[in-house]
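Note sheet for the following structure.
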Amino acid sequence: MKLSLQYYAMVPLLRKGKISTEQIFSYASKEGYEAIEYLLFDPSMDIKPVKELLEKYNLSVSCVDCFFDFATCDEDVFQKQIEIAYSAVDKVKQLGSKYMMVVPAYEESVTTKEEAAQNIIKGLKLLVEYAGKKDIGITIEDYPNLKVPLCSIDEIHRILTEVPGLYLTFDTGNFLIAEDESKEALQKLYKYVRNVHAKDWKLVEDGQYLETKLKRKVTSTIHGDGIIKFKELFQILQENAYDGYISVEFEGDMEDLEPIKKCTKYLRSILKQCKEV
């Protein structure tokens, strides 16, 4: 098991102008990460500068994350999204990643969850087929939004079983939104897992939060300060000889890199404990 730095986690600093893409890659290299999980904002972008940074800082790409609107009921929009997704696969191939993680729905396009699920399945079947020809594996993740049919164990399992060749990016925290246990999810869905997002949640009373199925309020926190049992989850991965990446993901607001440093230190300590058992 190897740690990967989640580019998405750096978005708050990027938007505030407190860090550049090159500084993210430089930081990852200095901190001993082997890879970056890259967020492809725009599949039409020139990825040559990204490839140059990977080479300069001796980093790999563990996975590339993309967002598409397969849930839409507008056939013209759907077809356009498929074309964009195909373009993204081509960029993933150029970046040298074996996997692309897809968030295949925008909340605003969901009319009913069943209709959205059917459209998502249709879109993912097309994408998996295209990506397979490029030797790229497509993954979905347990997504923290109750309005989108990607949140619970049952919803994720349905899509994985109805789309042959589809894989899972297992997020340690997101199943909590559906009030499903992360351990149960990992045990039931492990055979599909090809990538892992390490995220912690804590319960709050106010402020910025997501609401769970049981109306509990949760927000992102430093790994080890919340309610996710990382040692338990990592031990399952260890016992199953998982040899992929674990991406460090912190979704809280940041003014500097200190939260990421704390998260990384904690996760490395847990990985060490698991390997010593």
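The values are calculated or read from the model by the stated rules, or taken from the named source; none is laboratory data. All figures in this text were calculated on a predicted structure; none of them were measured in a lab. Glycine gets a Cβ as well: all are built from the backbone with ideal geometry, and neighbour counts include every protein chain shown. Remember, those area values only see protein heavy atoms, side chains included, never the ligands or the DNA or RNA. Shrake-Rupley method; radii C 1.70, N 1.55, O 1.52, S 1.80 Å.
Normalising the average separation of contacting C-alpha pairs (under 8 angstrom, six or more residues apart) by the number of residues puts the relative contact order of the range 132-277 at 19 percent. For the chain, the relative contact order is 17 percent, taking Cα pairs closer than 8 Å that sit 6 or more residues apart in sequence and dividing their mean separation by the residue count.
How large is log10 I(q)/I(0) at q = 0.21, 0.23 Å⁻¹ when the Debye formula is applied to the Cα atoms of the range 1-91, each weighted equally and without solvent? Taken in order of the listed q values, log10 I(q)/I(0) reads -1.03, -1.15.
Step by step: find N for the chain, compute 2.2 N^0.38 Å, then divide the Cα radius of gyration by it. What's the final number? Before the final figure, lay out the partial values.
Working: Rg = 17.9 Å, N = 277, 2.2 N^0.38 = 18.6 Å.
Dividing the Cα radius of gyration by 2.2 N^0.38 Å gives 0.96.
Determine the shape class of the range 157-242: with a ≥ b ≥ c the square roots of the Cα gyration tensor eigenvalues, call it rounded for a/c under 1.5, and otherwise prolate if a/b is greater than b/c, oblate otherwise.
On the way: a/c = 2.55, a/b = 1.52, b/c = 1.68.
Because a/c hits 1.5 or more and a/b fails to exceed b/c, the range 157-242 counts as oblate.
Relative contact order for the range 39-116: 40 percent, from Cα pairs under 8 Å spaced at least 6 residues apart, divided by residue count.
Counting every C-alpha pair in the range 217-264, the share spaced more than 14 angstrom apart comes to 59%. The modelled label-to-label distance for the pair Tyr130/Tyr190, using points 7 Å beyond Cα in the direction of Cβ, is 3.4 nm. Entry comment: accessible area of the chain is 46 Å² per residue, from protein heavy atoms only and a probe of 1.4 Å. Cross-link reach is defined here as a Cα-Cα straight distance under 18 Å, omitting same-chain residues fewer than 8 places apart; for Lys48 the aspartates and glutamates meeting it are Glu22, Glu37, Asp65, Asp90. Backbone phi angles across the range 99-115, fed through the Karplus curve with coefficients 6.51, -1.76 and 1.60 (θ = phi - 60°), yield HN-Hα couplings of 9, 10, 8, 10, 9, x, 8, 9, 3, 5, 8, 7, 8, 10, 5, 5, 5 Hz in residue order; Gly and Pro are listed as x. Among the listed pairs Lys202/Lys262; Lys93/Lys272; Lys2/Lys125; Lys98/Lys122; Lys215/Lys261, those with a Cα-Cα distance over 24 Å are Lys93/Lys272; Lys2/Lys125; Lys215/Lys261.
For the range 8-161, what is the Kirkwood hydrodynamic radius in Å, using each pair of distinct C-alpha atoms? The partial results should precede the final answer.
Details: mean 1/r = 0.0609 Å⁻¹.
Hydrodynamic radius (Kirkwood, Cα only) of the range 8-161 equals 16.4 Å.
Taken as Cα centroids, the range 1-62 and the range 196-268 sit 20 Å apart, rounded to the nearest whole angstrom.
In whole percent, how big is the carbon plus sulfur part of the accessible area of the chain, probe 1.4 Å, protein atoms only?
On the way: 5870 of 12750 Å².
Accessible surface attributable to carbon and sulfur in the chain totals 46 percent.
Spin-label model, Lys93/Gln118: points 7 Å from Cα along the beta carbon direction are separated by 3.2 nm.
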